[in-house]
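*Asks:* One structure coming up, written as structure tokens, with questions to follow.
The values are calculated or read from the model by the stated rules, or taken from the named source; none is laboratory data. Predicted model only: the values in this text are computed from it and were never measured. Cβ atoms come from the backbone with ideal geometry, glycine included; neighbour counts cover every protein chain shown.
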Amino acid sequence: VSRTGYNESDLIDYSAKSIKFNGALHYRPLGNDRLEIIWNSKFGTGNTIYQGLNRYSLRNFFMQQHKLEVNGKNFFVRGYYAGEDAGDSYDTRFAAINVNKRWKSNKNWFRDYIGTFANVALGGNPQNLSQAEIHQLARTQADSGRALPGSPEFNRFFNEVISDPDVATGAKLKDNTNYYHVDANLNLRDYIDWAEVQFGGAYRQFNLNSSGTIYTDYDGPITFEEFGVYSQIQKKMIDDRLKFTGSLRYDKSQNFDGNFSPRISFAYAAGDTRNHNFRISFQTAFRNPTTQDQYIGLDTGASFLIGTVEDNLDRFVKTVDGFDVTARDAVERGYSTRSLDNGAPELATTELVTPEQVRAYEVGYRGEIPTGKNNLSVDLSAYYNIYDKFIATKDILVLLDPNSVDANNQSELVDALKNQSAKFSVKTNSVADVSSYGVGLGLSTKVFNGFNASLNYTWSKFDFDKSMDPDFEAGFNTPEHKVKVQFGHPNLFENFGFNISGRWQNEFYWESTFLEGIVDERTVLDAQINYAVPSIKSVFKVGGTNLTGKEYLSAPGVGAIGSQYFISWTINN
């Protein structure tokens with residue numbers, strides 16, 4: 001039995017908006033392009049909905065980025081600041097939970113429910129009600145005095161809840177996280193003539209500041225750093241037809257061991273006019289766990305979502321039914337939810353999250369093939385990626401009182417995990433063998449005396465060994481086949497052009513922490529016309545997307561996408 005909830009539509013304003021501003025100042029102190037100083041600022045605000053473990057209403061959020069850049073003939077130095085403010089954002093699940101608790105406490109609601117149910121069931125059931133009817137009567141009685149959506153009482157409770165950042169009583173999200181970033185590069189072309197050699201590096205400092213509503217920064221902002229250095233050499237050979245590029249990069253995060261990333265590639269230009277270009281490359285790379293992978297400590301109502309760097313394990317503490325549970329408990333003594341579903345609980349092996357690594361192989365061709373009066377441009381590539389320590393989320397159950405349960409008694413353990421446990425979603429690395437591979441093909445040419453026609457196709461696959469990690473969910477979320485065709489003319493008649501495109505993709509299975517399901521195949525038609533007015537240096541564009549009007553979903557649980565129309569005016573084009 002659970003309390004009567006509220007419809008999401010009573011908790012969210014589904015309207016979305018986005019306002020952006022971008023401005024830059026450029027200064028050349030020497031009067032030429034040998035030295036340039038640039039200040040660039042970007043601002044954005046808006047409303048939207050974010051879908052994670054819960055649904056979050058992001059209202060009046062604000063984001064900003066500022067960059068100071070110094071560019072020279074053979075070098076650059078850049079410094080960035082990026083920050084955000086969650087504004088009036090809130091968690092819709094906790095909005096519903098805590099509005100309910102405002103008009104009647106959980107204790108009183110369940111007291112009324114149980115009392116009504118017991119009076120009927122133990123009083124001889126004079127109306128001969130069914131079990132379901134008795135439950136409905138108990139719910140109706142417990143809901144007496146319920147704050148109804150749209151009522152002044154509901155609106156007052158709702159506004160109080162979404163202004164309160166304590167999940168025990170409110171739903172507000174606070175986030176003033178920011179980071180500082182510096183990178184630099186030096187090209188030695190004026191000092192070395194046998195090859196092009198570059199050196200560079202980067203530094204970044206994160207400052208997580210959510211007041212404990214997202215991260216485990218209950219006592220103040222969490223600060224950590226990372227840096228990287230690299231060198232690259234590029235050499236042309238065989239009459240400049242063959243180009244070799246090799247690089248080595250070292251990156252170190254405060255929370256993880258350092259990583260070396262070597263990369264090599266060869267490109268060869270064949271043909272009398274060098275219009276047949278072949279390439280092959282081998283690259284290694286890594287992906288540091290995100291700030292949330294490391295330091296999130298989010299109560300979602302149904303579970304606790306936690307990051308698993310070492311110093312996050314003891315920082316996250318929650319009291320459930322009078323028992324304290326920590327992130328360390330989830331890592332060290334948690335049971336796999338999959339094993340419980342199978343009726344045979346097993347302790348989960350959960351490693352602390354570390355950087356994800358990949359080895360990538362790619363071959364490709366780009367060139368032009370004569371087809372009578374016109375050429376056919378071809379861009380063909382194929383790739384194969386092998387992942388190690390793929391970052392994933394694992395669902396874990398932690399016994400609230402492990403000392404009261406005989407872990408060797410399977411039926412007792414199953415009962416305790418179902419009724420006396422806390423659920424965690426833990427960031428970790430999969431031990432499964434994971435790979436992805438695919439092919440991309442692009443064709444373009446001119447037809448019918450000047451019309452542009454093009455075709456793009458991608459094939460993408462993702463494989464992993466489920467037997468090595470039964471708890472692993474990939475979340476690849478990419479259709480196997482995608483096709484796009486375009487047809488248009490930039491100047492059909494004086495100053496007038498148009499373009500029509502069609503997009504198709506096959507159905508695929510979507511995996512996420514919020515919802516899983518099939519995303520249906522779709523075909524989408526887009527079109528645009530443009531008209532230039534040279535006298536005012538302007539181009540006007542009118543167009544639309546999904547012109548057939550058939551709505552589609554990009555993922556389960558999100559809003560349907562219909563047709564969109566636009567008008568634009570570009571000045572000084």
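Yes or no, residue by residue, for (1) surrounded by 15 or more Cβ atoms within 10 Å (Cβ to Cβ); (2) within 24 Å of Ala382 (Cβ to Cβ); (3) in contact (Cβ under 8 Å) with a residue 12 or more places away in the chain; (4) assigned by TED's automatic domain parsing to the domain that holds Thr513:
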site	(1), (2), (3), (4)
Glu226	yes, no, yes, no
Tyr230	yes, no, yes, no
Gln234	yes, yes, yes, no
Met237	no, no, no, no
Arg241	no, yes, yes, no
Pro262	no, yes, yes, no
Ser265	yes, yes, yes, no
Ala270	no, yes, yes, no
Phe278	yes, yes, yes, no
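*Asks:* Mind checking which pairs have a first residue in region 183-204 that is β-branched (Val, Ile, Thr) and a second that is part of a strand (DSSP E or B), Cβ under 6 Å, 6 or more apart or different chains?
*Replies:* Val197/Ile233
*Asks:* Taking the options Ser512, Ser538, name whichever one is within 17 Å of Asn491 (Cα to Cα), among the hydroxyl-bearing types (Ser, Thr, Tyr) and either surrounded by 15 or more Cβ atoms within 10 Å (Cβ to Cβ) or out of contact with any Asp or Glu (no Cβ under 9 Å at 6 or more places or on another chain) (or both).
*Replies:* Values: Ser512 fails: within 17 Å of Asn491 (Cα to Cα).
Checking each option against the conditions leaves just Ser538.
*Asks:* Of all residues in region 272-313, how many are closer than 24 Å to Val358 by Cβ, of a type in the set (Gly, Ala, Ser) and assigned to a strand (DSSP E or B)?
*Replies:* Count: 2.
*Asks:* Name the residues in region 16-30 that are over 37 Å from the mean Cα position of the chain (by Cα) and aliphatic (A, V, I, L, M), would you? If you could, list the steps in order and put the result at the bottom.
*Replies:* Filtering region 16-30 for residues over 37 Å from the mean Cα position of the chain (by Cα) gives 28-30.
Hit for region 16-30 is Leu30, nothing else.
*Asks:* Could you grab me the full set of residues in region 290-320 that are buried (at least 24 other Cβ atoms within 10 Å of the Cβ), hydroxyl-bearing (Ser, Thr, Tyr) and over 13 Å from Phe224 (Cβ atoms)?
*Replies:* Result: Thr308, single match.
*Asks:* Can you list the strands (runs of 3 or more DSSP E) found entirely within region 172-261 that contain at least 1 residues being touching a helix residue (DSSP H, G or I) at 6+ places or on another chain (Cβ under 8 Å)?
*Replies:* 196-208, 222-237
*Asks:* Can you tell me which residue among Ser2, Ser15, Ser9 is within 15 Å of Asp88 (Cβ to Cβ), out of contact with any Asp or Glu (no Cβ under 6 Å at 6 or more places or on another chain) and either outside any strand (DSSP E or B) or in contact (Cβ under 8 Å) with a residue 40 or more places away in the chain (or both)?
*Replies:* Details: Ser2 fails: within 15 Å of Asp88 (Cβ to Cβ); Ser9 fails: within 15 Å of Asp88 (Cβ to Cβ).
Going through Ser2, Ser15, Ser9 in turn, the sole match is Ser15.
*Asks:* Among the numbered criteria (1) without any contact (Cβ under 8 Å) to a residue 12 or more places away in the chain; (2) more than 25 Å from the chain's Cα centre (by Cα); (3) under 30 Å from Tyr383 (Cβ atoms), which one does Phe487 miss?
*Replies:* Exception for Phe487: condition (1).
*Asks:* Determine, yes or no, whether Asp401 is in contact with a helix residue (DSSP H, G or I) (Cβ under 9 Å, 6 or more places away or on another chain), touching a residue at least 60 places away in the same chain (Cβ under 8 Å) and surrounded by fewer than 15 Cβ atoms within 10 Å (Cβ to Cβ).
*Replies:* For Asp401, the condition - in contact with a helix residue (DSSP H, G or I) (Cβ under 9 Å, 6 or more places away or on another chain), touching a residue at least 60 places away in the same chain (Cβ under 8 Å) and surrounded by fewer than 15 Cβ atoms within 10 Å (Cβ to Cβ) - is met.
*Asks:* Does Thr570 satisfy the criteria of being of a type outside the set (A, V, I, L, M, F, W, C), modelled with pLDDT under 95, touching a Ser or Thr at 6+ places or on another chain (Cβ under 9 Å) and in a strand (DSSP E or B)?
*Replies:* Values: of a type outside the set (A, V, I, L, M, F, W, C): yes; modelled with pLDDT under 95: yes; touching a Ser or Thr at 6+ places or on another chain (Cβ under 9 Å): yes; in a strand (DSSP E or B): yes.
Yes; evaluated as a whole, the condition is true for this residue.
*Asks:* Quick one: in region 38-88, which of the residues that are of a type in the set (A, V, I, L, M) and not in a loop (DSSP other than H, G, I, E, B) is nearest to Arg204 (Cα to Cα)? Talk me through it step by step, then tell me what you get.
*Replies:* Keep residues of region 38-88 that are of a type in the set (A, V, I, L, M), which gives 38, 49, 53, 58, 63, 68, 70, 77, 82, 86.
Applying the additional criterion that residues be not in a loop (DSSP other than H, G, I, E, B) yields 38, 49, 58, 63, 68, 70, 77, 82.
On the way: Ile38: 20, Ile49: 29, Leu58: 26, Met63: 18, Leu68: 15, Val70: 18, Val77: 14, Ala82: 11 Å.
Top of the filtered list is Ala82.
*Asks:* While we're looking at this one, here's another question. What are the residues in region 141-170 that are assigned to a loop (DSSP other than H, G, I, E, B), crowded, with 16+ Cβ neighbours inside 10 Å and among the β-branched types (Val, Ile, Thr), if any? Steps first, please.
*Replies:* Taking region 141-170 first, the residues assigned to a loop (DSSP other than H, G, I, E, B) are 143-151, 162-170.
Those still in the list that are crowded, with 16+ Cβ neighbours inside 10 Å too: 143, 146-147, 162, 164-165, 167, 170.
Passing the criteria: Ile162, Val167.
*Asks:* So, one more: Looking at region 24-32, is at least one residue assigned by TED's automatic domain parsing to the domain that holds Val161, surrounded by 14 or more Cβ atoms within 10 Å (Cβ to Cβ) and outside any strand (DSSP E or B)? Even if it seems obvious, please write down each step before you answer.
*Replies:* We begin by selecting, within region 24-32, every residue assigned by TED's automatic domain parsing to the domain that holds Val161; these are 24-32.
Checking the rest, the ones that are also surrounded by 14 or more Cβ atoms within 10 Å (Cβ to Cβ) come to none.
Within region 24-32, none of the residues are assigned by TED's automatic domain parsing to the domain that holds Val161, surrounded by 14 or more Cβ atoms within 10 Å (Cβ to Cβ) and outside any strand (DSSP E or B).
*Asks:* Evaluate region 460-474: report whether one residue or more is surrounded by 15 or more Cβ atoms within 10 Å (Cβ to Cβ), out of contact with any Cys (no Cβ under 7 Å at 6 or more places or on another chain) and closer than 30 Å to Glu368 by Cβ. Please lay out each step first, then the result.
*Replies:* Of the residues in region 460-474, the ones surrounded by 15 or more Cβ atoms within 10 Å (Cβ to Cβ) are 460, 462, 464, 469, 471-474.
When the remaining residues are screened for being out of contact with any Cys (no Cβ under 7 Å at 6 or more places or on another chain), the result is 460, 462, 464, 469, 471-474.
Filter once more, keeping what is closer than 30 Å to Glu368 by Cβ: 460.
Within region 460-474, one or more residues are surrounded by 15 or more Cβ atoms within 10 Å (Cβ to Cβ), out of contact with any Cys (no Cβ under 7 Å at 6 or more places or on another chain) and closer than 30 Å to Glu368 by Cβ.
*Asks:* For region 365-379, how many residues meet the condition of being of a type in the set (Lys, Arg) and surrounded by 15 or more Cβ atoms within 10 Å (Cβ to Cβ)?
*Replies:* Pass one, region 365-379, residues of a type in the set (Lys, Arg): 366, 373.
Checking which are surrounded by 15 or more Cβ atoms within 10 Å (Cβ to Cβ) leaves us with 366.
Within region 365-379, residues that are of a type in the set (Lys, Arg) and surrounded by 15 or more Cβ atoms within 10 Å (Cβ to Cβ) number 1.
*Asks:* Which numbered condition in (1) farther than 24 Å from Ile280 by Cα; (2) at pLDDT below 95 is the only one that Ile369 fails?
*Replies:* With (1) farther than 24 Å from Ile280 by Cα; (2) at pLDDT below 95 applied to Ile369, the lone miss is (1).
*Asks:* Turning to a different aspect of this structure: Pick from region 339-364 the residues that are outside any loop (DSSP other than H, G, I, E, B) and surrounded by fewer than 15 Cβ atoms within 10 Å (Cβ to Cβ): which of them is modelled with the lowest pLDDT? Even if it seems obvious, please write down each step before you answer.
*Replies:* At the first step, the residues of region 339-364 found to be outside any loop (DSSP other than H, G, I, E, B) are 339-341, 347, 356-364.
In the following step, the residues that additionally are surrounded by fewer than 15 Cβ atoms within 10 Å (Cβ to Cβ) were identified as 341, 347, 359, 361, 363.
Details: Asp341: 90, Leu347: 93, Arg359: 98, Tyr361: 98, Val363: 99.
Residue satisfying both the conditions and the ranking: Asp341.
*Asks:* Just need a number here: residues in region 46-105 that are among the aromatic types (Phe, Trp, Tyr), surrounded by 15 or more Cβ atoms within 10 Å (Cβ to Cβ) and more than 26 Å from Asp10 (Cβ to Cβ). Working first, answer last.
*Replies:* First pass over region 46-105, keeping only residues among the aromatic types (Phe, Trp, Tyr): 50, 56, 61-62, 75-76, 80-81, 90, 94, 103.
Okay, now just the ones that are also surrounded by 15 or more Cβ atoms within 10 Å (Cβ to Cβ), so 56, 61-62, 75-76, 80, 90, 94, 103.
Add one more test, that the residue is more than 26 Å from Asp10 (Cβ to Cβ), and what stays is 62, 75-76, 80.
So the count comes out to 4.
*Asks:* List the number of the failed condition for Val447; all other conditions in (1) under 26 Å from the mean Cα position of the chain (by Cα); (2) loosely packed, with under 14 Cβ neighbours inside 10 Å; (3) in contact (Cβ under 8 Å) with a residue 40 or more places away in the chain hold.
*Replies:* (1)
*Asks:* Just to be sure, is Ala407 in a strand (DSSP E or B), among the small types (Gly, Ala, Ser) and either without any contact (Cβ under 8 Å) to a residue 12 or more places away in the chain or surrounded by 15 or more Cβ atoms within 10 Å (Cβ to Cβ) (or both)?
*Replies:* It is false that Ala407 is in a strand (DSSP E or B), among the small types (Gly, Ala, Ser) and either without any contact (Cβ under 8 Å) to a residue 12 or more places away in the chain or surrounded by 15 or more Cβ atoms within 10 Å (Cβ to Cβ) (or both).
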